[in-house]
Amino acid sequence: MFLWGTATAAYQIEGAVKDDGRGASIWDTFTHEPGRTRDGHTGDVACDHYHRWPEDVALMADLGVNAYRFSIAWSRVLPLGTGQVEPRGLDFYDRLVDGLLAAGIAPVPTLFHWDLPQALQDLGGWMNRDISYYFAEYAAVVAERLADRVPMWITLNEPFVHMAFGYGMGVHAPGQALLFDALPVAHHQLLGHGLAVQALRAAGARQVLITNNCTPVWPASGSAEDLAAADAYDTLHNRLFNDPILLGEYPDLKAIGALDDVVRDGDLAVISTPLDGLGINYYNPTRIGAPADDALPFTDLGITGYPTTAFGWPVVPDGLRELLTGLHARYGAALPPVYVTENGCSQEDLPGPDGTIDDQGRIAFLDGHITAVEQAAAGVDVRGYFVWSLLDNFEWAEGYHQRFGLVHVDFDTLRRTPKASYAWLRDRLTAAKPQSP
Ligand code: FCB
């Protein structure tokens with residue numbers, strides 16, 4: 001059964017940050033520090049999905065998707081990240097799962113979409129190896145409650161982006177700018193992933209995946225310097241996270257640093273615990289040239305000659321075909337079924353005079369990328385495609401300025417209005433006839 005879905009994340013949509021015993025997460029802390037997000041936006045209210053989820057499930061039922069990827073807020077379930085469980089937090093996700101199943105939609109929860117409990121950040125966050133074990137504890141608590149009804153789990157969302165933006169450059173929570181000294185964050189997330197896979201399975205979970213952000217890397221030229229720089233970037237962004245999981249070993253890291261001091265005997269066996277699928281999030285390729293100075297071993301040159309989204313990201317649908325076929329070429333039989341767990345674009349979608357939102361750019365974007373998936377599927381086992389996102393939402397450092405939704409949200413009234421792309425996708429799905437889970 002091919003999964004057609006939409007994707008969201010807890011901090012980006014839920015709001016209700018103080019309801020029902022929820023503990024603070026690093027995103028609560030970060031967004032309340034001056035200058036961290038555009039216009040000081042926070043997720044305090046977001047889309048108020050915590051209270052309006054029945055309306056959002058109904059929107060997905062009308063859309064005709066058969067799967068929904070959402071994330072669980074660790075600090076709703078374990079307000080301090082470990083120890084005391086908050087039953088009201090679990091009750092919320094229990095209601096959501098039942099609501100989805102009643103609507104014929106498979107719930108696909110992600111356990112960690114960047115919102116680490118602040119209490120665990122106070123212990124050093126993912127720089128501290130202990131967090132990997134706390135993550136497995138949390139995975140077990142959630143699975144014991146939900147595994148009887150959840151068909152598919154995702155451990156982490158984009159450990160590369162969390163490491164690079166959160167700990168490398170400091171533009172996301174927890175706001176640390178450690179550059180390559182942030183590499184332990186990669187290993188501890190991967191170890192946490194492996195431990196969580198084992199904990200989930202022990203609690204009866206059926207299918208388990210991880211979601212990695214992947215990008216095809218385009219060298220700026222065929223020169224040795226550009227090729228070496230592209231290789232370094234590919235190692236950092238893609239292979240650092242895919243190789244240990246799929247091959248049980250790290251790639252050659254010498255261009256970007258070393259993990260020798262943090263990797264312990266047995267870790268890679270845990271990290272490479274077999275999975276039922278690999279989730280990949282694709283937004284665009286990356287063009288890389290030789291280093292401009294000593295700070296980084298590569299330069300991100302940007303891509304010209306393509307349309308761009310409101311974020312300025314290049315629109316390259318064929319990059320998704322290139323990515324999927326490239327994964328198959330690199331990993332061969334070690335590549336499990338692949339699910340595109342995020343793909344989408346931001347636009348300045350404002351209602352026209354008649355109140356409708358005619359987002360033709362998003363329709364072209366989705367059409368092109370779904371076609372790329374269909375082309376790749378001739379040689380790669382692709383089993384799902386999830387649009388980022390169901391709703392306009394809190395886009396991290398950009399606040400509410402980047403709108404990715406199939407459904408427009410008025411952030412003053414919280415009113416939801418399906419855009420033209422929603423109607424387009426509904427028609428597309430009617431033709432594809434998605435089966436219920
Ligand atoms: C991805 C994130 C997701 C969203 C999109 C636009 O990197 O996983 O939460 O912000 O980008």
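The values are calculated or read from the model by the stated rules, or taken from the named source; none is laboratory data. What you see is a predicted model, and the numbers here were worked out from it, not measured in a lab. Cβ: placed from backbone, ideal geometry, glycine included. Neighbour counts: every protein chain shown. Calculation scope for accessible area: heavy atoms of the full protein, side chains included, ligands and nucleic acids excluded. Shrake-Rupley method; radii C 1.70, N 1.55, O 1.52, S 1.80 Å.
Taking the helices alone, the chain has a mean residue ellipticity at 222 nm of -10500 deg cm²/dmol, built from -39,500 (n - 2.57) per DSSP H run of at least 4 residues and averaged over all its residues.
For the chain, the solvent-accessible area works out to 36 Å² per residue, with a probe of 1.4 Å and every protein chain left in place. The aspartates and glutamates whose alpha-carbon is closer than 17 Å to the alpha-carbon of residue 433, local same-chain residues fewer than 8 away aside, are 62, 367, 374.
Placing a pseudo-label 7 Å from each Cα along the Cα-to-Cβ vector at residue 227 and residue 427 gives an inter-label distance of 4.8 nm. Using DSSP H assignments, which helices in the chain have an axial alpha-carbon span of 27 Å or above and a mean Kyte-Doolittle hydropathy of 0.5 or higher? Helices passing the filter in the chain: 183-202.
Counted by Cβ distance under 12 Å from residue 233, the other residues give a net charge of -2, where Lys and Arg count +1 and Asp and Glu count -1. Applied to the stretch 205-216, the Karplus parametrisation 6.51 cos²θ - 1.76 cosθ + 1.60 on θ = phi - 60° returns per-residue 3J(HN,Hα) values of 5, 7, 8, 10, 10, 10, 10, 10, 7, 10, 9, x Hz, with x for Gly and Pro. Counting other Cβ atoms within 10 Å, which chymotrypsin sites (Phe, Trp or Tyr not before Pro) in the stretch 306-347 have at most 16 and lie in a DSSP loop? Hits after loop and neighbour filter: 311. Under the simplified labelling scheme, the residue 80-residue 311 pair shows an inter-label distance of 3.7 nm, with each label point 7 Å from Cα along Cα→Cβ.
Comparing 227, 246, 190 in a Gaussian network model of the chain where C-alpha atoms under 10 Å apart are linked, the largest mean-square fluctuation is found at 227. Counting only protein heavy atoms and a 1.4 Å probe, tell me what percentage of the chain's accessible area is made up of carbon and sulfur. C and S atoms contribute 52 percent here.
What is the sum of charges around residue 285, taking Lys and Arg as +1, Asp and Glu as -1, for the other residues whose C-beta is under 13 Å from the C-beta of residue 285? My count for the surroundings of residue 285 gives -2.
For the stretch 183-268, trypsin sites (Lys or Arg not before Pro) meeting the loop criterion (DSSP other than H, G, I, E, B) and having at most 16 other Cβ atoms within 10 Å: 206, 254, 264. Restricting the stretch 274-340 to trypsin sites (Lys or Arg not before Pro) that sit in a DSSP loop and have at most 10 other Cβ atoms within 10 Å of their own Cβ leaves nothing. Estimated at 0.36 nm per residue, the fully extended path between residue 18 and residue 180 surpasses their Cα-Cα distance by 54.8 nm.
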